[in-house]
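Take a look at the structure below.
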Amino acid sequence: MKTTVAYYPGCSAHGFSVDYEKSTQAVCGALGIRLNDIPDWNCCGSTPAHAVDTELSAALCVRNLDNAVKADANELLTPCPSCLSNLRHAAKRMEDPRFRARVDELLDNPAPAVFPEVISVMQGIARRFDANALAERVKKPLKPLRLATYYGCLMSRPAEIMDFGDPENPTLMESMLTACGAEVVDFPLKTVCCGASFGIPERAVTARLSGRILALAADMRADALVVACPLCQMNLDLRQKQAEHAADAIFAMPVLYFTQAMGLALGVPPGRLGIEKLRVNANGLIDKIEAAASGSTAPVEGSRP
Amino acid sequence: MNDAIVITQRDTVFMKDVDAQSSQKVSACYQCGNCTAGCPASFVYDMQANQIMRGVQLGLKEAVLNCRSLWMCLSCSTCSLRCPNSIDVAAVMETLRHMARRQNRITVPNVEKFWHSFLDTVRVCGRTYEIGVMALYILRSLRVFTDLDLAPEVLKKNKLPFMPHVVQNGGAAAIGRIMRRYKERAEREGVRP
């Protein structure tokens, strides 16, 4: 069967994770993966909708799945793990006829019988390009970089819904970054919660949990944390000062989206990857990659901000 | 929690209700404590995850539905993954939170205020509108200085658009209808929307 892809950017793509969106588009463009937005997509409801009511959450998700079906899509890609989790949960819960009937009551028209498969952009890339295929396309190896991968909670859990490998030790991002030439550390907190959506109502929780992740990455001498989730990225990067304040420490740890790291390796200009949007400056990483790519052996001292 | 329990305070159908609504079997819990050991939010819980499970088994409905932990759960589902009896503890927590909310037991109001602020922007625009969420949350919670420290960085990086992205071609109105039907049904069924 021919795979027709639809793309669900998620709300944060047009807001605080505009850099994730930019770099996702750039990387998929460089790899020849076409991303056509689901027509008139809406918010998946994120945590607030399912925390309040799972039927409401499913109704918001199903409208998107329905629009994807109408666009003849049989594979749906989304960069955001929270959107991914909600869309996959909704599709699973709709298998229960009683649940489906309750959700249909909320919708303008009943949900379609079959939904497209929803996977992350990361899996979408991996399905089309294995490690060797990616390595062949690398123009500027990430060789000088020591990276820690951080997946967050939702990408791999619950395992039976997300189907993303080992729910506490996923390794897909490591494979991709290794293919891009990077040294990847074995990061024990890669699926331990960053504090999620409590940044606003319960800041102390998020500051403490994010601080633990940042402190370990710093202890393991990582040059950067590499993430796949807009909310994790915001907690670890934009809120890094809050975490530093809570931990009484300085981390100065750049937090890149995996698409930004991949984009650099594929030779996409940093300006097209939204690197300048990161709160913790990552220019030192770019300098290292450039220096290595141009064959310079000069030490890049003090490049970390 | 482990002290003598007043028999008359036990709700004998509570566990059955929780089992039915969460599709779990809470009676399978034998108190190994793995859920609590792995919980990243345990340090702000007033009742630990394993205590909540025991509370459900014992029918301690008041204690369980009024506890702060239901609202502080991060939904990371580490507990579910590590349960040796395959109980989806996170699903039980979510079910308990739904039960508490429907009965207007809002133990941590600011968390719920944040959710409502978020959903209000979705109802109007069809998508999240971040500045709107913040503004509504500040109005509701009266926490005027929420994240004020982030404002200079956010403005400098131009990360938050001032204008909302409204779903076109009637999409925003369609979401408004979903939200309205949800609210009307909740009111019909006598539960907090």
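The values are calculated or read from the model by the stated rules, or taken from the named source; none is laboratory data. Treat the numbers as computed from the prediction; the structure is a model and nothing was measured. Cβ sites come from the backbone with ideal geometry, for glycine too, and all protein chains shown count toward neighbours.
Details
- Within region A:95-118, tally of residues that are closer than 16 Å to A:ALA68 by Cα and in contact with a Phe, Trp or Tyr (Cβ under 9 Å, 6 or more places away or on another chain): 1
- Residue within region B:127-149 that is touching a Cys at 6+ places or on another chain (Cβ under 7 Å), under 21 Å from A:CYS61 (Cα atoms) and not assigned by TED's automatic domain parsing to the domain that holds B:TYR45 present: yes
- Scan of region B:135-157 for residues that are at the interface with chain A (Cβ under 8 Å from one of its Cβ atoms) and either crowded, with 19+ Cβ neighbours inside 10 Å or within 29 Å of A:GLY271 (Cα to Cα) (or both), ordered by number: B:TYR137, B:ASP147, B:ASP149, B:LEU150, B:GLU153, B:VAL154, B:LYS157
- Residues (within 14 Å of chain B (Cβ to nearest Cβ) and either aromatic (Phe, Trp, Tyr) or closer than 18 Å to B:PHE162 by Cα (or both)) located in region A:6-20: A:TYR8, A:GLY10, A:CYS11, A:SER12, A:ALA13, A:HIS14, A:GLY15, A:PHE16, A:SER17, A:VAL18, A:ASP19, A:TYR20
- Single unsatisfied condition, B:ARG10 versus (1) within 23 Å of A:ARG93 (Cβ to Cβ); (2) more than 14 Å from every other protein chain (Cβ to nearest Cβ): (1)
- Pairs meeting the criteria (first residue in region A:239-253 and in the same structural domain as A:ALA215 (by TED's automatic domain parsing), second residue among the β-branched types (Val, Ile, Thr) and not in a helix (DSSP H, G or I), beta carbons under 7 Å, at least 6 apart or on different chains) are A:GLN240/A:VAL280; A:GLU244/A:ILE250; A:ALA252/A:VAL280; A:MET253/A:VAL280.
- Unique residue being at the interface with chain A (Cβ under 10 Å from one of its Cβ atoms) and within 22 Å of the chain's Cα centre (by Cα) when the list is B:HIS98, B:HIS165: B:HIS98
- Test: residue in region A:24-43 that is of a type outside the set (Phe, Trp, Tyr), within 30 Å of B:ASN104 (Cβ to Cβ), in contact with a Leu (Cβ under 8 Å, 6 or more places away or on another chain) and away from chain B (no Cβ under 12 Å): no
- Scan of region B:168-182 for residues that are of a type outside the set (Gly, Ala, Ser) and at pLDDT 95 or above, ordered by number: B:ILE175, B:ARG177, B:ILE178, B:MET179, B:ARG180, B:ARG181, B:TYR182
- Across region B:84-110, the qualifying residues are those that are out of contact with any Ser or Thr (no Cβ under 9 Å at 6 or more places or on another chain) and surrounded by 21 or more Cβ atoms within 10 Å (Cβ to Cβ), and the one among them that is farthest from B:ARG68 (Cα to Cα) is B:ARG101.
- Residue match in region B:75-85 (condition: assigned to a loop (DSSP other than H, G, I, E, B) and of a type in the set (A, V, I, L, M)): no
- Filter result for A:ALA196 (surrounded by 23 or more Cβ atoms within 10 Å (Cβ to Cβ) and of a type in the set (A, V, I, L, M)): yes
- Test: residue in region A:93-105 that is under 27 Å from A:ILE125 (Cβ atoms), touching a residue at least 24 places away in the same chain (Cβ under 8 Å) and basic (Lys, Arg): no
- Just one of (1) polar (S, T, N, Q); (2) without any contact (Cβ under 8 Å) to a residue 40 or more places away in the chain; (3) at the interface with another protein chain (Cβ under 10 Å from one of its Cβ atoms) fails for A:THR47. It is (2).
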